[in-house]
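Enquirer: What follows is a structure written as structure tokens; I'll ask about it next.
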Amino acid sequence: MPDKVLVIPCSGMGKVYGLIGRESALKTVKDCPNEAKAMCLAYIVTGDEEIKDKIQGKRCITLDGCPAMCAAKSVELAGGIIEEKRRIVDTFRKHKGAKPGTATELTEEGWLIADEIAGEISDRVRELYKEG
């Protein structure tokens, strides 16, 4: 049985894109409980040896709210194998003028966008898991 694919969203505190990334990651894990596992970026950033053991050499998908790509950079430093880097802000090119909500609460439109992202990530997780 292959290892679960690690889904790691940015912290994105104070930004709606971070909230959408976190909600998308949680929905992905709910949709793919046997294939995916969420990990907290704050735990990875600490550089703790225990977390390095959990992430090193494992397949990962990162969800970053902004172009700084903190989740992707931190996962790479911890030794994770990034199979996909997703920038939440890029999704909004398809949703010009969207009003997704605030840093603490999504609107109905924001939830629909989070669901869209989670669906795409869930498909990718299943694909990666099958590849073993």
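The values are calculated or read from the model by the stated rules, or taken from the named source; none is laboratory data. Small disclaimer: the values here were computed from a predicted structure and weren't measured. Don't worry about glycine lacking a Cβ; one is built from the backbone with ideal geometry, like all the others, and counts go over all protein chains shown.
Enquirer: For G14, indicate whether it is closer than 25 Å to E108 by Cα and either surrounded by 15 or more Cβ atoms within 10 Å (Cβ to Cβ) or not aliphatic (A, V, I, L, M) (or both).
Expert: It is true that G14 is closer than 25 Å to E108 by Cα and either surrounded by 15 or more Cβ atoms within 10 Å (Cβ to Cβ) or not aliphatic (A, V, I, L, M) (or both).
Enquirer: Filter the range 76-109 down to residues that are among the hydrophobic types (A, V, I, L, M, F, W, C) and farther than 19 Å from C60 by Cα and give me whichever is nearest to the chain's Cα centre (by Cα). Even if it seems obvious, please write down each step before you answer.
Expert: Looking only at the range 76-109, we keep the residues that are among the hydrophobic types (A, V, I, L, M, F, W, C), and these are 77-78, 81-82, 88-89, 92, 98, 103, 106.
After this cut, where a residue has to be farther than 19 Å from C60 by Cα as well, the list is 89, 92, 98, 103, 106.
Working: V89: 13, F92: 16, A98: 21, A103: 16, L106: 17 Å.
Looking at the filtered set, the residue picked out is V89.
Enquirer: Still on this structure, I have one more. Could you tell me whether any residue of the range 53-72 is modelled with pLDDT of 95 or more, β-branched (V, I, T) and within 13 Å of Y17 (Cβ to Cβ)?
Expert: Taking every residue of the range 53-72 in turn, none turns out to be modelled with pLDDT of 95 or more, β-branched (V, I, T) and within 13 Å of Y17 (Cβ to Cβ).
Enquirer: Within the range 1-47, take every residue that is in a helix (DSSP H, G or I) and of a type in the set (V, I, T) and give me the one that is farthest from Y129 (Cα to Cα). Working first, answer last.
Expert: Taking the range 1-47 and keeping what is in a helix (DSSP H, G or I), we get 16-31, 41-45.
Narrowing the set further to residues that are of a type in the set (V, I, T) leaves 16, 20, 28-29, 44-45.
Working: V16: 29, I20: 24, T28: 13, V29: 13, I44: 22, V45: 25 Å.
Among those that are in a helix (DSSP H, G or I) and of a type in the set (V, I, T), it is V16.
Enquirer: Pick from the range 17-38 the residues that are under 16 Å from W111 (Cβ atoms) and among the small types (G, A, S): which of them is farthest from the chain's Cα centre (by Cα)?
Expert: G18
Enquirer: Let me ask something else about it. Return only the number of the condition from (1) at pLDDT below 95; (2) within 22 Å of G14 (Cβ to Cβ) that D48 does not satisfy.
Expert: Of (1) at pLDDT below 95; (2) within 22 Å of G14 (Cβ to Cβ), only one is false for D48: (2).
Enquirer: Quick one: which residue in R93, R59 is free of Cβ contacts under 8 Å to residues at least 60 places away in the same chain and of a type in the set (D, E, K, R)? Can you show your working first?
Expert: Values: R59 fails: free of Cβ contacts under 8 Å to residues at least 60 places away in the same chain.
Exactly one of R93, R59 is free of Cβ contacts under 8 Å to residues at least 60 places away in the same chain and of a type in the set (D, E, K, R), namely R93.
Enquirer: Which members of the range 39-72 meet the condition of being buried (at least 18 other Cβ atoms within 10 Å of the Cβ) and under 10 Å from the mean Cα position of the chain (by Cα)?
Expert: Across the range 39-72, the qualifying residues are M39, L41, C60, I61, T62, L63, D64, G65, A71, A72.
Enquirer: Of these, K85, K73, which one is without any contact (Cβ under 8 Å) to a residue 40 or more places away in the chain and outside any helix (DSSP H, G or I)?
Expert: Exactly one of K85, K73 is without any contact (Cβ under 8 Å) to a residue 40 or more places away in the chain and outside any helix (DSSP H, G or I), namely K85.
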